[in-house]
Amino acid sequence: MDFSVAFVELRDRMLTGQDKQFIHRQNAEVAGRTAALLSCFSVSAERKLLGVMPTGGVSHAHEYRLLFAVPVLGERELDDWWRYALAAEDELVQADASHEFSIVSVILATGEVDKAVQKKLKRFSGERRYGGGQNGWSSVRLAAVDLTENKAHTNRMGEPLKNVLKPILQKNT
């Protein structure tokens, strides 16, 4: 497998395979690193009491997906990427009184993902609840995409991300 070719193919499939509501930007810098692809989805809606009565306020929610090329991913590199994912969450999530939730997904396209990395990845968990003038919650999802097997491995919060990636990865088989 030629890693560079497989990575570019994955990036291109993600560009075309994600929901059309996502806004895409290639080579985007976030928290000091350049993502090959940053996909963002934001929604704002009028707040309603019990889902029926307008309150006059507006709430917002966001999802961010960042794709990186990581040819070799060992346990030490995984620790570094987890710290980066938390820093990206700090930079991207703009929690305020109108914030409902934000999801930050960091996708690492790599060569083979060994069992030790898979096990360590499962232990990472990142969910934050906001208070003190801020509202809502945020969640960090981390995925390691094995380009040799076309398979995604995720942290505990990442099962929905794995479901998003599965059809994108199947297009390469």
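General observations
- Residue, surrounded by the fewest Cβ atoms within 10 Å (Cβ to Cβ), within the stretch 124-150, restricted to residues that are of a type in the set (F, W, Y) and closer than 13 Å to E100 by Cβ: W137
- If you filter the stretch 43-61 down to residues that are open to solvent by 70 Å² or more (accessible area, probe 1.4 Å) and at pLDDT 70 or above, you find that the one that is nearest to V104 (Cα to Cα) is S44.
- Test result for T173, at pLDDT below 95 and farther than 24 Å from A45 by Cβ: yes
- Neighbours by Cβ (under 8 Å, 6+ apart or cross-chain): first from the stretch 100-114, over 20 Å from P160 (Cβ atoms); second among the polar types (S, T, N, Q) and part of a loop (DSSP other than H, G, I, E, B): G111/T148; E112/T148
- All positions within the stretch 151-170 that are open to solvent by less than 30 Å² (accessible area, probe 1.4 Å), farther than 21 Å from S102 by Cβ and modelled with pLDDT under 95: I168, L169
- A88 vs. criteria open to solvent by less than 10 Å² (accessible area, probe 1.4 Å), under 21 Å from A31 (Cα atoms) and either at pLDDT 95 or above or among the polar types (S, T, N, Q) (or both): yes
- The residues in the stretch 14-28 that are part of a helix (DSSP H, G or I) and open to solvent by less than 30 Å² (accessible area, probe 1.4 Å) can be counted, and the count is 1.
- For the stretch 132-173, the set of residues classified as assigned to a helix (DSSP H, G or I) and farther than 12 Å from I107 by Cβ consists of R156, M157, E159, P160, N163, K166, P167, Q170, listed by residue number.
- Criterion violated by D96 - all others in (1) open to solvent by 70 Å² or more (accessible area, probe 1.4 Å); (2) of a type in the set (D, E, K, R); (3) in contact (Cβ under 8 Å) with a residue 12 or more places away in the chain satisfied: (1)
- Pairs where the first residue, in the stretch 65-89, is more than 28 Å from G136 (Cα to Cα) and the second is surrounded by fewer than 14 Cβ atoms within 10 Å (Cβ to Cβ), C-beta under 6 Å, 6+ apart: E75/A116
- Within the stretch 1-25, residues that are more than 14 Å from K151 (Cα to Cα) have Cβ atoms under 8 Å from residues that are among the polar types (S, T, N, Q) and surrounded by fewer than 16 Cβ atoms within 10 Å (Cβ to Cβ) in these pairs: M1/T148; E9/N172; R11/Q26; R13/N172, counting only partners at least 6 apart in sequence or on another chain.
The values are calculated or read from the model by the stated rules, or taken from the named source; none is laboratory data. Every value quoted in this text rests on a predicted model; they were computed, and no experiment measured them. Neighbour counts run over all protein chains shown; Cβ positions are idealised from the backbone, glycine included. Ligands, DNA and RNA are stripped out before the accessible areas are found, and what is left, the full protein with its side chains, is counted by its heavy atoms. Shrake-Rupley method; radii C 1.70, N 1.55, O 1.52, S 1.80 Å.
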